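The values are calculated or read from the model by the stated rules, or taken from the named source; none is laboratory data. Computed from a prediction, not measured in an experiment: that's the story for all the values here. Here the Cβ positions follow ideal geometry from the backbone for every residue, glycine too, while neighbour counts run over all protein chains shown. For accessibility, only protein heavy atoms count, side chains too; no ligands or nucleic acids. Shrake-Rupley method; radii C 1.70, N 1.55, O 1.52, S 1.80 Å.
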Amino acid sequence: MKRIAIQDLNVNLPQLLEKRWALLTAADGEGCNPMTVSWGGMGRLWNLPVVTVYVRPQRYTKGLMDREEYFSLTFLPEERHDAVALCGAKSGREVDKVKECGLTVMADEKAPYFAEGELTFICRKLYEQDMAGECFVDPAVEEKNYPGKDYHRMYVGEIVAVLEK
């Protein structure tokens, strides 16, 4: 993968997340755990290029995200959708998803990412906050997405590197 300038990036992140999903990854010094994400955003905040991702409290990756300063978002090619689907269906507490998916972890950046990816964002965590039921203006959104009251934690990360195949 090669580094490109953020200004040269020509993607529609909401469309990528909706159609292809991404692998969210952080490391704990011993390994990493990819988690599938399809909710998020990209833009400018605090005069910085940022991505926003959301993780439910019961996800194994949440502990990694809480502890680590950096994380990555990797988009695999469509033919590797099986790996993306597995990483969304199984827990890192129970299975080594990297091994089971046959992914190659790259460690030459601040956060691990996968050599099989077509596009990767390396991000430095800037902000995190738990969502709260009382903050929903439209109760139907809460009812539909949080019947168990397991609200996501929102993470905002500065995009510090963009890697592209």
TODO: Return yes when Val84 is within 15 Å of the chain's Cα centre (by Cα), outside any strand (DSSP E or B) and either exposed (fewer than 15 other Cβ atoms within 10 Å of the Cβ) or β-branched (Val, Ile, Thr) (or both) and no when it is not.
DONE: yes
Task: Selection within segment 106-117 - surrounded by 15 or more Cβ atoms within 10 Å (Cβ to Cβ) and either in a helix (DSSP H, G or I) or modelled with pLDDT of 90 or more (or both) - done: Met106, Lys110, Ala111, Pro112, Tyr113, Phe114, Glu116, Gly117
Task: Of all residues making up segment 130-152, the number that are open to solvent by 100 Å² or more (accessible area, probe 1.4 Å) and either charged (D, E, K, R) or modelled with pLDDT under 95 (or both) - done: 4
Task: Selected residue [closer than 16 Å to Arg56 by Cα, part of a loop (DSSP other than H, G, I, E, B) and touching an Asp or Glu at 6+ places or on another chain (Cβ under 8 Å)] from Tyr151, Tyr155 - done: Tyr151
TODO: Please name all residue pairs, on different chains or six or more residues apart, with Cβ atoms under 7 Å, provided the first residue is in segment 53-80 and is acidic (Asp, Glu) and the second residue is open to solvent by 50 Å² or more (accessible area, probe 1.4 Å).
DONE: Glu69/Arg124
Open item on the list: If I ask for residues that are under 12 Å from the mean Cα position of the chain (by Cα) and in contact (Cβ under 8 Å) with a residue 60 or more places away in the chain, which ones from segment 97-135 would you list?
Closed with: Ala111, Pro112, Tyr113, Thr120, Phe121, Cys123, Lys125
TODO: Using the structure shown, decide if Glu30 is closer than 21 Å to Glu109 by Cβ, open to solvent by 70 Å² or more (accessible area, probe 1.4 Å) and charged (D, E, K, R).
DONE: yes
TODO: Go through segment 24-60 and give me each residue that's over 13 Å from Tyr155 (Cβ atoms), touching a Leu at 6+ places or on another chain (Cβ under 8 Å) and among the small types (Gly, Ala, Ser).
DONE: Ala27, Ser38
- [ ] Examine segment 47-70 for a residue that is modelled with pLDDT of 95 or more, open to solvent by 40 Å² or more (accessible area, probe 1.4 Å), in contact with a Gly (Cβ under 9 Å, 6 or more places away or on another chain) and assigned to a strand (DSSP E or B), and state whether such a residue exists.
- [x] yes
Task: Matching residues in segment 118-129 - criterion: being open to solvent by 30 Å² or more (accessible area, probe 1.4 Å) and assigned to a strand (DSSP E or B) - done: Arg124, Lys125, Leu126, Tyr127, Glu128, Gln129
